[in-house]
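The next block holds one structure in the form of structure tokens; read it before the comments.
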Amino acid sequence: MSFPFLADSTNTGTTGVKTILVTGGMGFIGSHVCVSLLEENQQVIIVDNLCNSNKKVLSRIEKITGKVPAFYSVDLMDEEALSSVFKRHNIDAVIHFAALKAVGESSQIPLSYYHNNITGSLVLFKVMEKYQVLNLVFSSSATVYGENNPIPYAEHFPLSATSPYGRTKVMIEDILQDVFKANPKWNISLLRYFNPIGAHPSGLMGEDPNGIPNNLMPYIAQVAVGKRDVLSVFGGDYPTPDGTGVRDYIHVVDLASGHSKALQKLFAAEFPSIDAYNLGAGKGYSVLDVVKAFEKSSGKDIHYVIVPRREGDIAEFYADTTKAAKELDWQVENSLDDMCRDTWNWQQKNPNGYQS
Ligand code: NAD
Ligand code: WQD
């Protein structure tokens, strides 16, 4: 492994500046979080094996912030390489995004999902313990609420999963509960994201799915830009106001500010703890609401056809955001229209994502 040149890569500990290691920092959410940390003058170190991201993200981060984070092209499962990063930097906290995330694919190749997400996390936590870096923000998901909880979802609800991907998130949350029980010096924030969409307002960063998008918003954006002909709306007979599925969409920039708030809480804590927080807007929009909002923002017609339900989907869910508002002093600022505007800006400027 080669080390990047970094004049100011280690934290002197005198300025209040923190050094944050971001696993998966080249990905959709991680890249936005890196921008927001750099804008707050934190030091950022990215570890990412680029299995679902593009190296161009680094120059986009630099264009937005004027700063270049340290970047290591390292797989989390490579314990030796990961240890070298911890040895080289005086890390204050880790934000752990790196994971495989496609729900459908996880049922086809479950072993790859368990191996990457679980083993990668175990290696990371082991190395963190070795170097006594015990502040952790973990990327969890609303999928941990399974299919049997009432809405809105609250953090104390029982967890379950409907896919191997979802099970990796439940398992890692359980592992972290055990880790904290064994060593209460760990200080952990489990952030359960609802449906992150949107893009950086500059149009320089956004979601760049490989192949046919699995998720609603990137699919709509590709229809709008003419890359795909028609959106398949999965199910028009759900017990929802217009019959289509309802979700809690959150702007990725709001999600990023939730991470800053979670870190602030970890650093300010008198006593370490492990806490889960929902990061969502706290309200639901249907598939057709999103289609209409996108048409308004883009001025394009989004052709759609209603097809049978997608296996594993549920009718409706959204977050109870009371705990995040109260304990993290966090709430969303962007509306669905803002999310559509910024997605459209990104899609227009980068019709082929980072390949453009
Ligand atoms: P993403 O795929 O864009 O980013 C993940 C990054 O992790 C990629 O850059 C990938 O190259 C990297 N990575 C994966 N495995 C790795 C490994 N073993 N070693 C090093 N790097 C590795 O995904 P995202 O949408 O930014 O999601 C980030 C996190 O948030 C994931 O943990 C995901 O499960 C979680 N999450 C995402 C959503 C969503 O809808 N996007 C919702 C809830 C939770
Ligand atoms: C949203 C709505 C679909 C695509 C997934 C994961 C979840 C979390 C977020 C990681 C649903 C409908 C979609 C399409 C459609 N990720 N839809 N046509 O399924 O709510 O959540 O991403 O943790 O775990 O499951 O998001 O964007 O796929 O779907 O009609 O082409 O759009 O049925 O109602 P989902 P999504």
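Here, each number is a calculation from the coordinates, and none is a lab measurement. Since this is a predicted model, take the numbers as computed values, not measurements. Positions of Cβ are backbone-derived with ideal geometry, glycine not excepted, and every protein chain shown enters the neighbour counts.
Rounded, prolate or oblate: which one fits the stretch 186-233, using the alpha carbon gyration tensor with axes a ≥ b ≥ c (rounded when a/c is under 1.5, else prolate when a/b beats b/c, else oblate)?
It comes out prolate by the Cα gyration axes.
In whole Hz, with x marking every Gly and Pro, tabulate ³J(HN,Hα) for the stretch 245-259 from phi via Karplus 6.51 cos²θ - 1.76 cosθ + 1.60, θ = phi - 60°.
My calculation for the stretch 245-259 gives x, 10, 9, 9, 8, 10, 5, 4, 6, 5, 4, 4, 5, x, 5 Hz in order.
For residue 225 and residue 108, what is the calculated FRET efficiency with R₀ set at 35 Å and r taken between the beta-carbons, to the nearest 0.05?
With a Förster radius of 35 Å, E is 0.80.
Starting from the Cα gyration tensor of the chain, take the square roots of the eigenvalues, sort them a ≥ b ≥ c, and report rounded, prolate or oblate (rounded when a/c is under 1.5, otherwise prolate if a/b is larger than b/c, else oblate).
Prolate.
Under a 5 Å amide H to amide H cut-off, with H placed in plane at 1.01 Å, what residues pair with residue 146 once short-range neighbours are removed?
160
Quickly rank 25-34, 57-66 as a protection proxy: mean count of other C-beta atoms within 10 Å, highest first.
25-34, 57-66
Residue 309 to residue 174: FRET efficiency via 1/(1 + (r/R0)^6), r the Cβ-Cβ distance, R0 30 Å, to the nearest 0.05?
Efficiency, from the Cβ-Cβ distance: 0.50.
Would you compute, from DSSP H runs of 4+ residues alone, the mean residue ellipticity of the chain at 222 nm, taking -39500 (n - 2.57) per run and dividing by the full residue count, rounded to the nearest 500?
Result for the chain: -11000 deg cm²/dmol, rounded to the nearest 500.
Could you please rank 131, 72, placing first whichever residue has the fewest other Cβ atoms within 10 Å of its Cβ? Could the numbers behind the result be given before it?
Working: 131 16, 72 22.
Ascending Cβ contact count within 10 Å gives the list 131, 72.
For the stretch 257-328, what is the largest minus smallest coordinate of the Cα atoms on each principal axis, given in angstrom and ordered from greatest to least?
54, 31, 16
With the Cα gyration tensor of the stretch 211-286 in hand, convert its eigenvalues to equivalent ellipsoid semi-axes via √(5λ) and list them largest first in whole Å.
On the way: eigenvalues 242, 60, 17 Å².
Its equivalent ellipsoid spans semi-axes of 35, 17, 9 Å.
Helix 56-65 sits at what angle to the longest principal axis of the chain, using alpha carbons and giving 0 to 90 degrees rounded to 10?
Tilt relative to the chain: about 80 degrees.
Please determine, in degrees from 0 to 90 and to the nearest 10, the orientation of helix 336-349 with respect to the longest principal axis defined by the Cα atoms of the chain, where the helix direction is its Cα long axis.
Approximately 80 degrees, to the nearest 10.
Evaluate the distance, in nm, between pseudo-label points positioned 7 Å from the Cα of residue 327 and of residue 215 along their respective Cα→Cβ axes.
2.4
What is the extension gain from residue 129 to residue 270, computed as 0.36 nm multiplied by their sequence separation minus the C-alpha to C-alpha distance, in nm to one decimal?
48.8 nm
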